[in-house]
Structures are given as C-alpha cells and as structure tokens.
Amino acid sequence: MLKPLPLTKRSLLLSRYFYSRLFYAFFLLSNATLFANSSFAYETQSIKINSGLEIDFNFQAPTKNSGNTLLLVMPSEHGLQVADQTLLESLPNYGIEVWLSNLLESYFLPYSASNLERIPAEHIQQIIKNIHEKTNKNIIILTAGRGAIPVLRALASWPDDHSPAYLTGLILMHPKLLTKTPEPGLAAEVMPSVKNTNQLIYLIQPTQSPFWWNRKLTLDGLEQSGSDVFTHPLKNVRNRYYFRPDATPGEQRLTGKYLNLIYSAMTQLMRYPAKARTVVKDVQTDTQVTSDKTHRSLAKYKGSPIPPTKLGLHILAKENQTYNIQDDKGKVLLVNFWASWCPPCVHEMPSMQALNNLLNKNAKNSFKILAVNMGEDKKTITTFLKEKVSVNFDILLDTDGEALKQWKIFAFPTSFIIDKQGNIRYAIYGGIDWLDPDVVTKIQQLIGE
C-alpha cells in the first residue's frame, strides 16, 4: 500500500521518492491478480430525492480490506468516461467503495454545461446525504470541468451551519470555474459559489492550458471562504487528456495512470486533519451561464486600448532579444496568442500566413503578425514549424506566461488587432478564417488610416 506523503499547501512537491512510490503502486495496480476478473459486474443503486425523481448510480462495494471512505464520481459536461469506469472496477480492490453517477440521464437531459447548471443545488445535497445514510461512510467527491459548478453550488449553500463532517474533501480535475470566458482584455470572474465554498480540495490541473497560467484566480476564489486547496500539476498534457480523441502518446501514457492518480489524491485527502467547516450564509447565488459558443469574428475591443509595452517576449530567431510592441508603431499588428498543442491555433495558422501574404504583397510592410507562443521551449517550436506548419511571420516566446497574464488571456487562440497609433482596435478568442472578407476589410481599413 502507498505511504501517503505530507501535503504542501498550494503545491504538491513530487520528489523522486514520491515518483518511485507512484511507479511501484501503479505496477501493483496494473497486476491482473489485483483487478476484478472478466466476470466483473457492478450493481445499480437508485437514490430518491424529495421531488420524486430517482437518480441512478453504478455501485461497487470493496472486495477486500473494506475502508470507511467512498468515492462519489459526479460527471462533467462530457459525461462519464472509460477512466471513470476503471475507477468503479478497480478501486474496490483497495477498500474504496465507488458510486458512479449518470446524473443527467436521470433527468433525461443530454450532457452539456448548461444542462448541468440546471440541476438544483438541493438535489445534489440530497444525493450526498442519502448516500451517506445508506453506507455510513465518509465521502470524497470527484468531478471535472464544468461538473464542479453544481457540486460547489450545493456545498456552498448547504442548509446547516457546518459542512457535513463525513465529507472528507473534493478532487477537482481541471475545473472550469469562471462565469464565462471573458472577452479579450476584460477581467475574468469566478462563479459566486467558488468564493463561498469552504472545503478541503485537491486540484488537478494540466499545464498545457490557459487555466494553469491563470490558476491564481481560481485558487484565490476557492480559498476566500476558508477552503484548503492543494494543486497537483500534470506536466505536458492538456485538459481532458484522458478521453481526448486526439490524445498524444504522452497523454495516452498518463491516461494509463489515471487510477493511481485518483487513488493517490484520495489518500492525501484522507490523511489531512479533519476540521469543522462553517457554511457561509446569505451569499450571492449562482445564475445559469448561457453557452458562448457562437459564430465569432473580429469585434471592437472592450478593454483598455493601450497594450502592455514590456511583454518579455523573445524573438525565436534572435536569442535573448526582448520585443517591445512600440518598436512596430506605425504598422497594423496582429498579435496572436497560441500553442502547438492547441488544435484551433494550428488550424488557423495557414490562413494567417495567407493574410500576411495578401496584405504585404505590395511590399509596403504596413502589416505584421506577431504569434506569441505560450510556455513552450525553443526546440519544441522549431520542430513544430519545421514538421507541422510553415510560416514566415514572427514567432515570439512567452516561456514564463507573463505576457499571457498581462494581456488577460483565458482561451487559445486569442488575437488582437493594433492600429498604427499603437491602440488595440479589435480582438477575438477562438480560431477563425483570417481570409474571411469581413476580417480582411477591417484590417485593410486600419492600414488605410
């Protein structure tokens, strides 16, 4: 059995010893004798809530070494995944009971972020209470993405003065806790329930994500009402890595260790000293956030028109040379924040190159593209440009994420159009066709000013 290591607040420092123990534990968990055999079968349990609705759960009791803690898996907006089924099948071998929720199916709703937000907080509260009453066990809740919102909403509005003592903690896998993706240049806000939550939280966040670089916003929000939050970075993988159809070999390898990741997180939570957690009263409640996945094009910029001047950006072809945006005053600039692991970023690059060719075909040199790469090293980008996409516009490196923070980037790609006077005029997040007639016309008008 794994020996749990001490938690360091806000960061888990994974030493060589810890990695060796993880490898050893994963080796054990991978041994066929410890897994359920081909006749594996789970039970179905129904939880009736006050509205008369019955919520179905896939349930598996421990096969040996029965412990006093269970894992309640609440789905994300993408529904249950194969990795969740692995937890149901395998964690009971280590004394951990697993309850797997097909939540929206019980409401006859398709999986989506907006439908998850429609579930009343009191329904989630009743589910948690009823499972405890049935099992008399402590509960750890696991959820991912936007699935964190209904869970946090329920806990932040718990009807008693204190959070239930049997709730050991939460495991949040790359949670989406913003009210929405803000328009470029505007401040981001976390959901009110985030700031009103008082829980023990184990936050797992892939590093190939804007949320990793903006994690302080999430951490500050979660800790505002007293939550103890510990972060576990997953290097070189993206959000949803364990069920992405375009998963890289590295992401696939880490997916094979998903069981051990969750088991280790539970172990860390169970060993943390329990304490009474007061529920904040008379607080602002969440409102449902509508989806912002609409057709997007260049829109007038809503933030301060003056861009940051000291960006700490390094030109790829000129080692250690810092770029200052004022150096190109008098030109129309397209500043594009991107990453090689971001499919929409890569998809729009050929049209960006075509736009560059179109607007500079008369050699007037009045238009320039600055493609700011987030967090990747020179070797990675050089290989990418050689093997994946061929462009001749400027590639800048933001290795420490400082430019991303200054420009308030919360989605990839995000682009800004700056006029000849150095003011930001248009912006957009998300990939687009840069040869769209409306886009070309807007930029040509700026060039002609």
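The values are calculated or read from the model by the stated rules, or taken from the named source; none is laboratory data. Keep in mind the model is a prediction, meaning the values are calculated, not measured. All Cβ positions, even for glycine, are placed from backbone atoms using ideal geometry, and neighbour counts span all protein chains on display.
Going through region 132-147 one residue at a time, which ones are under 19 Å from GLN85 (Cα atoms) and assigned to a helix (DSSP H, G or I)? Matches in region 132-147: GLY145, GLY147. Across region 189-224, the number of residues qualifying as over 10 Å from the mean Cα position of the chain (by Cα), in a loop (DSSP other than H, G, I, E, B) and crowded, with 19+ Cβ neighbours inside 10 Å comes to 5. Put simply, of SER193, SER209, SER163, SER157 the only residue that is within 18 Å of LEU269 (Cβ to Cβ), of a type in the set (Gly, Ala, Ser) and assigned by TED's automatic domain parsing to the domain that holds GLN126 is SER163.
Of the residues making up region 301-337, just one is outside any loop (DSSP other than H, G, I, E, B), loosely packed, with under 15 Cβ neighbours inside 10 Å and either at pLDDT below 70 or not assigned by TED's automatic domain parsing to the domain that holds ARG425 (or both), namely LYS310. From the list ILE409, ILE381, the one residue that fits, being in contact (Cβ under 8 Å) with a residue 60 or more places away in the chain, closer than 18 Å to PRO344 by Cα, among the hydrophobic types (A, V, I, L, M, F, W, C) and in a loop (DSSP other than H, G, I, E, B), is ILE409. Output yes when any residue across region 378-397 is within 20 Å of the chain's Cα centre (by Cα) and surrounded by 18 or more Cβ atoms within 10 Å (Cβ to Cβ), and no when none is. No, region 378-397 has no match at all.
Within region 225-239, the set of residues being basic (Lys, Arg) and over 12 Å from the mean Cα position of the chain (by Cα) comprises just one member, LYS235.
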